[in-house]
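Here's the structure we're looking at; comments come further down.
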2 protein chains.
Amino acid sequence: MSDKNKSLKNSAALGHIKFGGYDPETTQNIELIERRNKHFAGSMLFYHDPVHIVRGEGARLYDDKGRCYVDCYNNVQSMGHANPSIARAIADQSTVLNTHTRYLHENVIELAEEVAKTLPGDLEVCLFVCTGTEACELAMRIARVVTGNSGAVVMEGSYHGNSKLVGEMSTATYPKEKRPPYIQAVEPPNTYRGSFLEGEGDDEQLGQRYADLVDPAIEALEGNGEGLAAFVCDTIFDSQGALDAPGDYFTRVYEKVHAAGGLCIADEVQAGVCRTGTFWGFEQYDVVPDIVFTGKPFGGGYPVAAVFTTRAIADEWARSDIYFNTFGGNPVAAAAARAVIHYAKEHNILEHVSSVGEYLVSHLRQLAQKHEVIGHIQGRGLFVGVDLVRDRKTREPAAELARLIPDAMKAEGVLIGLTGPNGNCLKFRPPLVFTEEDVDITLAAFDKVLAELEYR
Amino acid sequence: MSDKNKSLKNSAALGHIKFGGYDPETTQNIELIERRNKHFAGSMLFYHDPVHIVRGEGARLYDDKGRCYVDCYNNVQSMGHANPSIARAIADQSTVLNTHTRYLHENVIELAEEVAKTLPGDLEVCLFVCTGTEACELAMRIARVVTGNSGAVVMEGSYHGNSKLVGEMSTATYPKEKRPPYIQAVEPPNTYRGSFLEGEGDDEQLGQRYADLVDPAIEALEGNGEGLAAFVCDTIFDSQGALDAPGDYFTRVYEKVHAAGGLCIADEVQAGVCRTGTFWGFEQYDVVPDIVFTGKPFGGGYPVAAVFTTRAIADEWARSDIYFNTFGGNPVAAAAARAVIHYAKEHNILEHVSSVGEYLVSHLRQLAQKHEVIGHIQGRGLFVGVDLVRDRKTREPAAELARLIPDAMKAEGVLIGLTGPNGNCLKFRPPLVFTEEDVDITLAAFDKVLAELEYR
């Protein structure tokens, strides 16, 4: 392994959070990086030779030299970079008024009415905050107040955010021996490399088998005095590789959680707002959570996030708790989030995602016939994980090869990232306005890069 | 007490967080409120008859009927409502690009360079987040990693934010018996109604006496195994009534904290960005904190916040921790924060704040000659608290009268709030572009309202 590759490996501690690591000798932007380094700390830059992006449009990003990149990574600007209608909504409202929500304003009310229409009937109460982390904090706070318990069942390898509480719920981010007793983690339903595999034995039992793993977690919380407040799960399993859970997995888990007196919380920061081909990721599994929260894509880039729950839960919670968020749901934030919902509707983004997602997967399957390293293709809509293997039989993760792909793809004009506990899953998670042409460019680059890396 | 006043009292649980409570029978905006209630929970509206604000300009807000209010409350849009240069910066950048900070972008680097110039030399490392809560979370996280301890010394009656951790650091928001052992609270240095009073005994000893209260708090943390990670204090003591600490208070406390191996964290969400007449509130006390964080006014309404620390602390922290914030310091956030700093410089906001602040205080002192209920005038720059008393000798808080003032002032065209543990401090905390004319209107209303409330 070359020194360059070694430094790449060292810096790829968490597949879903960071990859790359710049090389001071070869980067083209050393002056800017050195100005940045003077004032920054612990802050990652993507890529060996970090990109200096100055402009965006649709699913394309442009660097300072005018080079165009196909963006197969960014899920915040999911209605397209610099989307004119969202930018216009932000600009127009910013020139008129922006205050907190303790004065009446129509924007936040109209946002609540519009977003409630995207949710199952009972989920009609909205609480607006700024970020996914704040939303997860509030969701957990509501669950704790309402159940009187403090424990959470989460996935192994989960990522929910960056505060103390939400960081502890993010089992991917710290060693297992530091896990506090109120956190119990279960194995995610990875039917390609988990404890129970598709195609081995009775596939109809897979959902049940993975769901049953929740039983000892709940028992542990009941045994250690924490009690079960909530089951919290990202419905696209972003940090676990973008998994397809068995179709009955969530139904069975939700039953167990409710039977134990807990609430079911869907983390829709990744899967929400049309990403999977349904407006919310949980719709893929035909369940209705008790609490839903979202973040990143909700404001198209404006920091606005939300928690949704039922009137019964909200009223029970509000009896003994109050919550206020300075920026949450302010007139500009609400204008941005409304513009996202309007754009999605007016441009049939759900249909577009399903259609381009299918196109992406079918073309990935064609590539898989050519490249043995493609072990498994998983995910939904425009959130697709490609699990790369050294050997299709042993399914040994091709982590070293995977780590080289983002830089190599960047050289071909495509921005893409990695995910999964082994850092070996390539994550196709573009802005939702991604086109078939964008797929073609991305997969041509992937084909070329795999050919170079596999056979050198 | 009338039923109306009773309902006001019941809803004024936390002086600094909420006041008012709408009356469904008399409000003019019942249709909008009922639409709002259908989708909201536990979310306060200010005022008996909540205002429906549709437009802002400078320190003036306008309701849906075109009525103009002088804004003596809002500290987020501190460079004025709908400030055209800030709105323009947000609009221009939104139409070009908005992504995370793992690609290079000049805005966030230039913001870091510009904001570092406002800080003492060593505080050169910047970490950008979205909200004051996220900033306080990160400040505390850094302090814990660097010191290896977990405890915090905070003020009684403090407010720092709304996450689990920061909520626990906010002693104003929950009963003392629920305080976790890692939180030790000390009496704030209120020289008008605290344990040690100005004008009683040796005033030169006041700073020392209040600072000495930190000793047992540190000892408690050392005794219970938590250890001292940080002393965290809002340098304008917003939630305690907007206090003037004795001039040597912070110097003496910082010495004790450092001697015990802890870090000194200044919460500049309220006092920062020119509010007190210096760029940062801690400058009023001639100290240099180890970590500074700000929020609300930093982006002029855009959700952007920041933590500042020294290179030594940042590097020590980054050795074992990484942090990433999706929206923090993105190109639009950075453009907004830069526009705030530019506006403040170009319009000599610091001088303006000092000058109008003095004008406000001198005219409040004149009113105090007329109204016995004005017990004490405290604070700095354009953050002034007026402690209202039933009797100047006993200093009994005039809490019931105070609770009626915001609604009465609103009827006179002035928006203003309350603060302090007794809810009896009127809080003059306008946008920093507040003019002498705005002061005149505000104090004419205050004069009239006091005359009506005192003598009826």
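The values are calculated or read from the model by the stated rules, or taken from the named source; none is laboratory data. Computed from a predicted model, the values in this text were never measured in an experiment. A quick note on method: Cβ atoms are made from the backbone with ideal geometry, for glycine too, and the neighbour counts reach across all protein chains shown.
Here are some notes:
- Reported count of residues in segment B:69-82, each being facing chain A (nearest Cβ under 9 Å) and closer than 14 Å to B:Ala337 by Cβ, is 2.
- All told, B:Ala260 falls short of being modelled with pLDDT of 95 or more, in contact with a strand residue (DSSP E or B) (Cβ under 8 Å, 6 or more places away or on another chain), in the same structural domain as B:Cys136 (by TED's automatic domain parsing) and surrounded by 24 or more Cβ atoms within 10 Å (Cβ to Cβ).
Residues are listed down the side, and each one gets a yes or a no for (1) within 16 Å of B:Asp321 (Cα to Cα); (2) more than 17 Å from the chain's Cα centre (by Cα):
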site: B:Glu137; (1), (2): yes, no
site: B:Ala143; (1), (2): yes, yes
site: B:Asn149; (1), (2): yes, yes
site: B:Met155; (1), (2): no, no
site: B:Gly161; (1), (2): no, no
site: B:Gly167; (1), (2): no, no
site: B:Thr171; (1), (2): no, no
site: B:Lys176; (1), (2): no, yes
site: B:Tyr182; (1), (2): no, yes
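- Search result, residues across segment B:340-393 that are outside any helix (DSSP H, G or I), farther than 28 Å from B:Leu111 by Cα and more than 18 Å from the chain's Cα centre (by Cα): B:His371, B:Glu372, B:Val373, B:Ile374, B:Gly375, B:His376, B:Leu388, B:Val389, B:Arg390, B:Asp391, B:Arg392, B:Lys393
- When residues of segment B:307-338 are limited to those that are more than 11 Å from chain A (Cβ to nearest Cβ) and among the small types (Gly, Ala, Ser), the one surrounded by the fewest Cβ atoms within 10 Å (Cβ to Cβ): B:Ala335
- Enumeration of residues in segment A:46-68 that are at pLDDT 95 or above, under 25 Å from A:Gly132 (Cβ atoms) and more than 7 Å from every other protein chain (Cβ to nearest Cβ): A:Gly58, A:Ala59, A:Leu61
- Residue among B:Gly161, B:Gly194, B:Gly121, B:Gly199 that is at positive phi and either hydrophobic (A, V, I, L, M, F, W, C) or free of Cβ contacts under 8 Å to residues at least 24 places away in the same chain (or both): B:Gly199
- Selected residue (criterion: farthest from B:Ala411 (Cα to Cα)) from residues of segment B:49-70 that are of a type outside the set (Val, Ile, Thr) and outside any strand (DSSP E or B): B:Ala59
- B:Glu226 being part of a loop (DSSP other than H, G, I, E, B) and either acidic (Asp, Glu) or buried (at least 19 other Cβ atoms within 10 Å of the Cβ) (or both): yes
- In segment A:18-42, residue modelled with the lowest pLDDT [restricted to those that are in contact with a Phe, Trp or Tyr (Cβ under 8 Å, 6 or more places away or on another chain) and more than 21 Å from A:Tyr69 (Cβ to Cβ)]: A:Gly42
- Candidates B:Gly207, B:Gly277 - the one that is in the same structural domain as B:Asp315 (by TED's automatic domain parsing), part of a loop (DSSP other than H, G, I, E, B) and either touching a helix residue (DSSP H, G or I) at 6+ places or on another chain (Cβ under 8 Å) or under 26 Å from B:Val361 (Cα atoms) (or both): B:Gly277
- Here segment B:105-132 is the region considered, the condition is being of a type in the set (Val, Ile, Thr) and more than 7 Å from chain A (Cβ to nearest Cβ), and the residue that is nearest to A:Phe324 (Cα to Cα) is B:Val129.
- Filter result for the condition that a residue is in the same structural domain as B:Ser163 (by TED's automatic domain parsing), in contact with a Ser or Thr (Cβ under 8 Å, 6 or more places away or on another chain) and farther than 20 Å from A:Arg36 by Cβ, over B:Thr133, B:Thr95, B:Thr101: B:Thr133
- Selected residue [out of contact with any Phe, Trp or Tyr (no Cβ under 7 Å at 6 or more places or on another chain) and free of Cβ contacts under 8 Å to residues at least 60 places away in the same chain] from B:Glu400, B:Glu396: B:Glu396
- Residue check for B:Gly201: surrounded by fewer than 24 Cβ atoms within 10 Å (Cβ to Cβ) and out of contact with any strand residue (DSSP E or B) (no Cβ under 9 Å at 6 or more places or on another chain): yes
- Restricted to helices (runs of 4 or more DSSP H) entirely inside segment A:78-151, those with at least 3 residues that are of a type outside the set (Asp, Glu) and surrounded by fewer than 22 Cβ atoms within 10 Å (Cβ to Cβ) are A:84-94, A:132-147.
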